[in-house]
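J.: Dropping the structure in here first, questions after.
The values are calculated or read from the model by the stated rules, or taken from the named source; none is laboratory data. On a predicted model such as this, the values are computed, not experimentally measured, just so you know. Please note: Cβ atoms are built from the backbone with ideal geometry, for glycine as well, and neighbour counts cover all protein chains shown.
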Amino acid sequence: MASAGLLAHITVSKYQDALPLYLVEKQARKLTPEKRFEYRQRHTKPVLDAIRAWLGQVLPQVLPTSATGKALHYLHNAGRWRRPAYR
């Protein structure tokens, strides 16, 4: 099992990795729905793929019944990974 401090550090690090998603949305707001979908596909997929890969690595190290484990399992099972970027 990973220590709580290590998991907290990893979680903060991944939160920072997700920040580009907010910038993508800020830029996408200005576009038509069709262009917005294309823009999201191009710019969010690499970030989401990295987060998904990280989840695959960290989930086995976290107790599923802990608060962190529940949050990470919720994120992993949320379903957005299997759908294209939202329209």
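J.: Would you check which residues across region 38-75 are free of Cβ contacts under 8 Å to residues at least 40 places away in the same chain and hydroxyl-bearing (Ser, Thr, Tyr) and list them?
T.: Tyr39, Thr65, Ser66, Tyr74 - these are the residues of region 38-75 that are free of Cβ contacts under 8 Å to residues at least 40 places away in the same chain and hydroxyl-bearing (Ser, Thr, Tyr).
J.: Give the number of residues within region 47-87 that are surrounded by fewer than 15 Cβ atoms within 10 Å (Cβ to Cβ), assigned to a loop (DSSP other than H, G, I, E, B) and at pLDDT below 80.
T.: Result for region 47-87: 6.
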